Amino acid sequence: MNVNEAMHRLTVDETLEELKSDRCGLTFDEAKQRLETHGPNELEATEGTSWVEVLLAQIKNPLVIVLAGAALISILAGEEVDAIVITGVILVNSLIGFVQEYRAEKSLEALQERAAPEAEVVRCSRDEDRKESINVSIPSREVVPGDIILLEPGDRIPADGRLIKTASLELDEAMLTGESTPVAKSTEALEEERSVAERHNLVFGGTIVTQGRGRAVVFATGSNTEMGQIATMIQETEDVTSPLQQQVLDLSRKLGFLALGVAIVTLALGAVRGFELQEVFLFGLAAAVSSIPAGLPAVLTITLAVGVNRMAKRNAIIRRLQAVDTLGAATVISSDKTGTLTSNQMTVQQYHLNEHRVQVTGVGYRPEGGFQLDDQKVDPQADEALLQALRIGVLCNDARLVQHGDEEECHWEIRGDPTEGALIVAAAKASENKEDLEQTYPRIDEIPFSSEAKYMATFHKLPNSEDRIRVYVKGAPEQVLKLSSEVHQKEQTTSLSEDEEAELNKRAQKMARNGLRVLGLAYQDIDSDQVDTFKERLTSEEAVM
């Protein structure tokens, strides 16, 4: 049986039987034995490009070869100055190309080291006739087929697995499928054949848990995973010449023939005119060298290097200088996937508060930007409604904003759902830090998001009050409005009438038609002894907010 192709059609019990595992997990001895049999859970590393190979690649440039020939001819002709100049051009050209490509190789190695280092798995401890499950954290490279892995928000999946338990589980599979929105997962077997993007009961190595929790039994590791197969295909791809390389090769041939032709014509004319053979030969060599543009290789390399640096500033690593030319030669890019051509980073664009639209500036996960109302800067700390909306978005939220690197070369990453991450970034632009807010308003209970309810609710202790709890709700606008009984508009809280609810729904639909993903935010303060009854009323869809 081809495990990768058929696993989604098996039931949970059939899967565990096929992999000779159970819900208790593998024993430590069995896991060790399987690791020796299947090998570590990592891609087969190809030999890296050495600095000697990178340097030789620069010298193999057709124009450089022609220049080397010209330098040799100059030495034979006694033109030491010309030979030194041409040799200097070759060295400078090769050095620039070598530095750029060697730095790219090192950057790629650094990226590979950022893979998920650990995984949470279930191990089975047997004591005579009793079995006991133990959760242990192990290096991802030690995950083996049959292992039960635990999935939490923000986790990077260490290997391909079949889900055996889920609770509102959603994954970001954009790196594999190109789909920008998180994918809801389940444990139900799928009867017919499905594409990778439609196998909703499987998880794939390298993808990220954005929401919910789950357990999966691993069926493929290392090069046998979907990402491993893609990596193998990439490694087996043959190198092709870029448009610029083809043009340089053609130009080099023409220049070579031109230099040879000039030398022959010069020798012929000199012989006909009766000049001395040595003098004519030297003159012919000089003419041949002069016909070769010594500065062209350096100009091309410097131009490509500038392009590489510009791409690097946009967080794109170019491994080969010629790749910049290949990108520039593209005239049409066809894609059927939403988000494929973007960085898949959600950004809050606007808040509708008090019948006003507050614009949020800045893009991506970098917390830089501000708030504007009618092109005028807004201080969120002085706007009660905006500040409350920002705090709801941060506290009714399971994502995390993580910074990597120092301030000069920092990289921001969201661990969790991209939409929830965008709300955290928006709050950070107002100096509302998630960790600080969670200490001030500690979460004591929650109602996780589900596709059926279409909302999430969290319960928080209020500072300086032991008896009061604040409930934050975030979800689909129509669902949040259905749960609400009051609305905060025009700096005051009033009862929510049917006309106002219809108007707010209409406003949300207009925003959605403009390509925005719209969320509704709500809150209410209750007594601490009302949490359980409030949860029951909320889940029964009574209007209580």
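The values are calculated or read from the model by the stated rules, or taken from the named source; none is laboratory data. Computed from a predicted model, the values in this text were never measured in an experiment. Virtual Cβ from ideal backbone geometry, glycine too; neighbours counted across all protein chains shown. The accessibility values were calculated without ligands, DNA or RNA, using every heavy atom of the protein model including side chains. Shrake-Rupley method; radii C 1.70, N 1.55, O 1.52, S 1.80 Å.
For the reader, a short list of remarks on this structure follows.
- Any hit, the stretch 519-535, residues being open to solvent by 60 Å² or more (accessible area, probe 1.4 Å) and on the phi > 0 side of the Ramachandran plot: no
- Residue check for GLY405: at positive phi, small (Gly, Ala, Ser) and modelled with pLDDT under 90: yes
- Among the candidates ILE148, ILE157, residue that is touching a Cys at 6+ places or on another chain (Cβ under 9 Å) and either within 24 Å of GLU14 (Cβ to Cβ) or not polar (S, T, N, Q) (or both): ILE148
- Some residue of the stretch 419-442 being under 22 Å from the mean Cα position of the chain (by Cα), in a strand (DSSP E or B), over 20 Å from PRO463 (Cα atoms) and not basic (Lys, Arg): no
- Single residue of the stretch 486-518 satisfying the filter (surrounded by fewer than 15 Cβ atoms within 10 Å (Cβ to Cβ) and small (Gly, Ala, Ser)) that is modelled with the lowest pLDDT: GLY515
- Residues of the stretch 347-369 that are in contact (Cβ under 8 Å) with a residue 24 or more places away in the chain and closer than 18 Å to ILE392 by Cα: THR347, VAL348, GLN349, GLN350, TYR351, HIS352, LEU353, ASN354, VAL358, VAL360, PRO367.
- Hey, ALA57 more than 16 Å from VAL144 (Cβ to Cβ), open to solvent by less than 40 Å² (accessible area, probe 1.4 Å), at pLDDT 65 or above and of a type outside the set (Lys, Arg) or not: no
- Restricting attention to the stretch 347-362 and to residues that are at pLDDT 85 or above and assigned to a loop (DSSP other than H, G, I, E, B), the residue that is farthest from GLY178 (Cα to Cα) turns out to be THR361.
- Any hit, the stretch 449-464, residues being at pLDDT below 90, of a type outside the set (A, V, I, L, M) and at positive phi: yes
- Meets criteria (over 16 Å from VAL217 (Cα atoms) and at pLDDT below 70) for THR49: yes
- Test: GLY146 is part of a loop (DSSP other than H, G, I, E, B) and within 23 Å of ILE414 (Cβ to Cβ): no
- Scanning the stretch 189-226 for residues that are open to solvent by 50 Å² or more (accessible area, probe 1.4 Å) and either of a type in the set (Val, Ile, Thr) or not in a loop (DSSP other than H, G, I, E, B) (or both) yields GLU198, ARG213, ARG215, ASN224.
- PRO40 fulfils the conditions (1) at pLDDT 90 or above; (2) surrounded by fewer than 17 Cβ atoms within 10 Å (Cβ to Cβ); (3) in a helix (DSSP H, G or I); (4) of a type outside the set (Val, Ile, Thr) except for a single criterion, (3).
- Only one of the numbered conditions (1) farther than 30 Å from GLY405 by Cβ; (2) out of contact with any helix residue (DSSP H, G or I) (no Cβ under 6 Å at 6 or more places or on another chain); (3) at pLDDT below 90; (4) not in a strand (DSSP E or B) is not met by MET175, and that is (1).
- Enumerated helices (runs of 4 or more DSSP H) restricted to the stretch 469-541, each holding at least 2 residues that are closer than 19 Å to GLU452 by Cβ: 477-483, 531-539
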